[in-house]
1. I need the calculated FRET efficiency for the pair residue 199 and residue 283, taking r as the beta carbon distance and R₀ as 51 Å, to the nearest 0.05.
2. Considering only protein heavy atoms, what per residue accessible area in square angstrom results for segment 190-288 with a 1.4 angstrom probe?
3. Mind checking which aspartates and glutamates have their Cα closer than 16 Å to the Cα of residue 281? Skip sequence neighbours fewer than 8 apart in that chain.
4. Is there a pair in 173/259; 175/254; 284/304 whose C-alpha atoms are over 21 Å apart, and which pairs would that be?
5. Ignoring ligands, DNA and RNA, how do 118, 268 rank by accessible area with a 1.4 Å probe, largest first?
6. Can you give the Rg to Rh ratio of segment 85-243, both from alpha-carbon atoms, with Rh computed by the Kirkwood formula?
7. Gap in Å between the Cα centre of segment 95-133 and the Cα centre of segment 245-301?
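The values are calculated or read from the model by the stated rules, or taken from the named source; none is laboratory data. Just so it is clear, the structure is predicted and the values come from calculations on it, not from any experiment. For neighbour counting, all protein chains shown are included, and Cβ atoms are generated from backbone atoms with ideal geometry for every residue, glycine included. Remember, those area values only see protein heavy atoms, side chains included, never the ligands or the DNA or RNA. Shrake-Rupley method; radii C 1.70, N 1.55, O 1.52, S 1.80 Å.
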Amino acid sequence: MNSSRSAALVLVFCSTLAAAQATAPAKTPDASAKKPAVSVSPKIEVWKPVPGTGANGDEAVISVDVPCPATKAATPKTPCKKVITAAEFLRMAAAINPGMSAPQQRTFATNLARMLAYSSEANRLGLQNTPEGKTLLELGRMQALAQMLGRKLRDQAENVSQADVQAYYRDNKGKFESATIERVLVPVKQVEGAEADKKAEMDYASQLRTRWVAGEDPEKLQKEAFDRSGNKVTPPPVKLGERIPTSLPATQEKVFGLKAGDITEPVYDPSAVVLLKLVSKQTKSLEQVQDDIKKMLRSQRMEKIVDELDKRTPAKINDSFFAPQAEPGVASPSEKKMPPATPPAKEPK
């Protein structure tokens, strides 16, 4: 087998389904623009799939010359063939990916044709009856069933009603608050060879807060704080813009409980004391967040469904079977690092 045919064989078994499973908007091919047959190999022909053609969608989409069975002999005019009709092809494509686009269908058809040809040759050689063949076919069956179950479970999780969305929004409205915030960072003064004086830092930050409440420019206050600490870096912007609670450290989320215009008491951090001002607060409407809520509820439902499935079908793996085997007379890394579970018994004197 030359390199190009080897590559084709690898393509069949490694990417036939994967390439077709990428989600894309479904497109309906133009039924009036049928393309002529395209030669994929000397024995394989693929036509562009045309949905609904023929009385029952029975137009050939893929045609493959295959070895004839013992009961039938081929002639130059009537070789033995395996044919996949438009209806059959579209059913296969939908099973792989219901949203398969027209370009993806064309790629899938090419790979499917090769797979049909090679599987026919494998059947002729009796590979399906070998121990390896039987094992691979059983694994393929299990994989297909697992994929089908995954789709079914996903469809169950996707079933989120508008009432569910509204109930979650009503019960968790605080999660959809956002606030416009300003922040003054007061770097902790570092003293070489000594711990920072927390009380002194908090007292200084309290003084800055009083001046900020009185109307002083927070940018000026922050620059002063950086100069005092000896920190030479450029101070970060005071205006943080719009934030949601989870975007701030837990110790700073208290700012969301303030009224507009209020400033928090100093919040101590090992590297800086923080002052936060709530400029304004707003709650996103249901219309703004309903897509996010649906996505979150679907994720929660899927997790719950899988957890329940795992509980109904517990699986155990014998980890000792997969433990690395040490060479004779050579201690494994775990044996070198871990003491024996039970001390060896002392020999009698």
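1. E between residue 199 and residue 283, to the nearest 0.05, is 0.85.
2. 62
3. Leaving aside aspartates and glutamates fewer than 8 places away in the same chain, those within reach of residue 281 are 177, 182, 242, 253, 262.
4. Pairs exceeding 21 Å: 284/304.
5. Details: 118 40, 268 70 Å².
Output order, biggest surface exposure first: 268, 118.
6. Details: Rg = 33.5 Å, Rh = 23.9 Å.
My calculation of the ratio gives 1.40.
7. Between the Cα centres of segment 245-301 and segment 95-133 lies a distance of 53 Å.
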